[in-house]
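The values are calculated or read from the model by the stated rules, or taken from the named source; none is laboratory data. Model, not experiment: these values are computed from the prediction. Note: ideal-geometry Cβ built from the backbone for every residue, glycine included; neighbour counts use all protein chains shown. The protein model used for the area step is the full one, side chains on, heavy atoms only, and it has no ligands, DNA or RNA in it. Shrake-Rupley method; radii C 1.70, N 1.55, O 1.52, S 1.80 Å.
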Amino acid sequence: MTSIYNLTREDLENYFLSINSKKFHADQLFDWLYVKRVKSFDDVTNIKKEVLEEIKKNYILNNIKIVNVEKDKDVNKYLFELSDGEHIEAVLMFHDYGTSICISSQVGCNMGCKFCESGRRKKVRNLEVSEMVLQILLIEEELGSRISHVVVMGIGEPFDNYENVTDFIKIINHPKSLAIGSRHITLSTCGIAPKIREFAHFPYQVNLALSLHAPNDELRNKIMPINKAYPLKEVMDALKYYYDETNRRITFEYIMLENINDSAKEAQELCSLLKGMNCYINLIPYNETNNIDFKKSNNIDVFKNELIKKGINVTVRREFGSKISAACGQLRSKEV
Ligand code: SF4
């Protein structure tokens, strides 16, 4: 049976109408699910018993559970078991401005980025909306406090699960559910150009990040196979279209790999590629894993200064979580 957390507010209204009940129950049920955090439909007190019985015939509440938590300084990693026995992970980071959670959007990933541990296992399936929403709800319950920021950057390519990811955003942003502000939500793609264009018309002001990692096609083809399907020109055109439609600044992520993409030549190419764009670059120190042969660059400061000289906004991502394999690209690729 499917989880009620798969339904957006609008879906819930339509559901109540479809069972000849009242649309306003959607508001009431949202309050029980996301504010009161009810554990059983039987605890709902302001919807008639017959209606609740009907809901119980069609829906369950929770369909995932936390099976392990690892903690390091400023970071917790959560392992979830799904109802079909699959596992995914999410990472919670404590910042001075609040807490942010990096959630997974698929079991496995088909994008095959060479530096990514998370994508070593092929995609098994998309996550349901509820399986993404519940990563947040269960971690908030474990923490006993609210999460302020959400990034969809864990296992999976969110634009390869577009419908569910956009429904997930609609739910967590809704003022009667978690009310996580759009500007506190970031979605990261490896560059599925047609979906970037489609996302330009998604009417929520969420942030978009592109996992760039290489400034030319030759190198990007080597480390990110998706580039063969959507070469840089196509991706950059899609991003320009996205910017023209939304006026929202784009973040570029660039993982720093020793002797691969970290020389002055690549820094210059990057500056040329991004010239004139309203964007900023996030340089990510690579987290070495036992299974993949890339090394962390020790040229990050020099690279960063090259970009600054050319007027590019650039930050270096704070490193955390590598001890418990919770850092970027290190989430579990294997079955447990
Ligand atoms: S970096 Fe993201 S898109 Fe690329 S393989 Fe890893 S999980 Fe998939």
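If you roll a 1.4 angstrom probe over the protein chains with everything in place, what fraction of the accessible area of the chain belongs to carbon and sulfur, to the nearest %?
Working: 6990 of 14830 Å².
The value for the chain is 47 percent carbon and sulfur by accessible area.
What is the distance in Å between the Cα centroid of the stretch 36-107 and that of the stretch 145-164? Centre-to-centre (Cα) distance: 14 Å. From Cα pairs below 8 angstrom and at least 6 apart in sequence, can you work out the relative contact order of the stretch 25-137, rounded to a whole percent? Once normalised by length, the contact order is 15 percent. Peptide packing: for 170-177, 12-19, the average count of neighbouring Cβ atoms within 10 Å per residue gives the ranking 170-177, 12-19, highest mean first.
Can you tell me the accessible area per residue over the stretch 169-208, all protein chains present, probe 1.4 angstrom, in square angstrom?
Values: 1510 Å² over 40 residues.
Averaged over the residues of the stretch 169-208, the accessible area is 38 Å².
Packing order of peptides 301-308, 101-108, highest average first: 101-108, 301-308 (average count of other Cβ atoms within 10 Å over each peptide's residues). Residues considered: Gly98, Gly191, Gly154. Largest GNM mean-square fluctuation over the chain, using C-alpha springs under 10 Å, is found at Gly98.
Summary value for the chain: 16 percent relative contact order, contacts being C-alpha pairs under 8 angstrom separated by 6+ residues.
For the stretch 185-249, the Kirkwood hydrodynamic radius comes to 12.0 Å, computed from all pairs of different C-alpha atoms. Over the Cα atoms of the stretch 1-89, the radius of gyration divided by the Kirkwood radius equals 1.08; this is the Rg/Rh ratio. For the chain, the average shadow cast by the Cα convex hull is 16.9 nm², which is a quarter of the hull's surface.
Computed over protein heavy atoms with a 1.4 Å probe, the accessible surface of the stretch 239-300 works out to 47 Å² per residue.
Please give me the summed charge of the neighbours of Glu54: other residues whose Cβ is under 14 Å from its Cβ, Lys and Arg +1, Asp and Glu -1.
On the way: positive: Lys22, Lys48, Lys49, Lys56, Lys57; negative: Asp42, Glu50, Glu53.
Summing Lys/Arg as +1 and Asp/Glu as -1 gives +2.
With θ taken as phi - 60° and the Karplus curve 6.51 cos²θ - 1.76 cosθ + 1.60 applied, the whole-hertz 3J(HN,Hα) list for the stretch 145-155 is 8, 8, 9, 9, 10, 10, 10, 9, 8, x, 6 Hz, x standing for glycine and proline.
With bins 10 Å wide beginning at 0, the percent of Cα pairs of the stretch 95-231 falling in each bin runs 12, 42, 33, 12, 1. Counting only DSSP beta bridges whose two residues both lie in the stretch 231-304, roughly 10 percent are antiparallel. Shown is the FRET efficiency for Asn298 and Lys57, computed with R0 = 56 Å from the Cβ-Cβ distance and rounded to the nearest 0.05: 0.40.
Solvent-free Debye calculation, one equal scatterer per alpha-carbon of the stretch 189-302: log10 I(q)/I(0) at 0.09, 0.13 Å⁻¹ equals -0.24, -0.50. Across the stretch 180-193, rounded Karplus estimates of 3J(HN,Hα) from the backbone phi angles (6.51 cos²θ - 1.76 cosθ + 1.60, θ = phi - 60°) give 7, x, 4, 6, 9, 10, 10, 10, 10, 10, 8, x, 8, 3 Hz, Gly and Pro being marked x. Here the spin labels are modelled as points 7 Å beyond Cα on the Cα-Cβ line, and at Asp27 and Arg121 they lie 4.3 nm apart.
How much of the DSSP beta bridge set in the chain is antiparallel, as a percent to the nearest 5? Could the numbers behind the result be given before it?
Values: 23 of 50 bridges.
Taking every DSSP beta bridge within the chain, about 45 percent pair in antiparallel fashion.
Taking Ile47, Ile66, Ile281 as the candidate residues, the one with maximal mean-square fluctuation in a Gaussian network model of the chain, Cα springs under 10 Å, is Ile47.
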